[in-house]
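Structure first, then comments.
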Amino acid sequence: MKKLLKMIKKILILIVILGIFGGGWFYYNKYKTEKLKRLAEEEKKKQEEIEKEKARRFLEEKQKEFENLISEIEEYFKNGNYAKVKELSEKAFTLAKQFNFSVDRINQILYQIEVNTYLGKLKKLEKENQDIYKYFYVRNELQKIPSIKEISNLKKKILDKTYENEYNVKLILAYNSLEELRKGIEPSYNYFISRKLSSEAKKIREMKNIKKEELEDKIYNLQNELYFTSKTLYKNTIPTSLY
């Protein structure tokens, strides 16, 4: 009986010892697992920070590249090299689209180029407009130029001048026809073409509020004079109105 009790006691002690070791192993294993998990999370976070830093540096490099492009664009713009500006602008727009950079400065430069280009064309047309006989050509070319705010006043000034030129050209042609009539050349044709041209000139003057030229009254008086002094006209035509 004593031997049995000793055996049971030894077994109980063994169970207790095994329990203690088993519990220790369980907690050690749990600690080890949690530690490995924590280390894995820390490594993951570290890698994420590294990737974020790489992305930040990459974006910073691209931003610097973009700013350098804009600086080049501005420099070429100052030097009047618009072709190079447009070439570099395409590259800048590509970068801006990829990284959501602002293109306001580029658009402003491109808009100013557009203004300058049209302003240059207007200056040439203004010079062309000094020849009063080019009024039709100048007016047609003006239609190809948009009414941008910065150039609208000059465009209107040139356009108004074309009507003034047309008014004067029609008066000159009307007077020249009367000179031909005075010489007895094609009386009916030259009389009526003079009437037609002077009438058109008057309508333009009134419509565009152009200052009346002395030649206009001179033409009307000469038309009446030549009509009544020309036997051919007085005999073969009936004037619709006399001045």
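On the basis of being under 16 Å from K161 (Cα atoms), modelled with pLDDT of 95 or more and part of a helix (DSSP H, G or I), does E206 make the cut? Taking the combined requirement at face value, the residue satisfies it.
Of all residues in the range 122-139, which are basic (K, R) and within 15 Å of T162 (Cβ to Cβ)?
K124, K127, K134, R139
Restrict the check to the range 53-69 and report whether at least one residue is touching a residue at least 24 places away in the same chain (Cβ under 8 Å) and among the polar types (S, T, N, Q). Yes: one or more hits.
Does E141 satisfy the criteria of being within 21 Å of the chain's Cα centre (by Cα), modelled with pLDDT of 95 or more and assigned by TED's automatic domain parsing to the domain that holds A201? Yes.
Pick out the one residue from E179, E150 that is charged (D, E, K, R) and closer than 22 Å to G120 by Cα. Before the answer, list the steps.
Values: E179 fails: closer than 22 Å to G120 by Cα.
So the residue among E179, E150 that is charged (D, E, K, R) and closer than 22 Å to G120 by Cα is E150.
Counting residues in the range 144-160 that are assigned by TED's automatic domain parsing to the domain that holds Y220, in a loop (DSSP other than H, G, I, E, B) and in contact with a Ser or Thr (Cβ under 8 Å, 6 or more places away or on another chain) gives zero.
Residue under question is L95, and the condition is that it be touching a helix residue (DSSP H, G or I) at 6+ places or on another chain (Cβ under 6 Å), in a helix (DSSP H, G or I) and closer than 30 Å to I172 by Cβ; does it hold? No; evaluated as a whole, the condition is false for this residue.
Given the structure, is K97 over 17 Å from Q63 (Cα atoms) and either crowded, with 16+ Cβ neighbours inside 10 Å or over 17 Å from the mean Cα position of the chain (by Cα) (or both)? No.
The values are calculated or read from the model by the stated rules, or taken from the named source; none is laboratory data. Computed from a prediction, not measured in an experiment: that's the story for all the values here. Cβ: placed from backbone, ideal geometry, glycine included. Neighbour counts: every protein chain shown.
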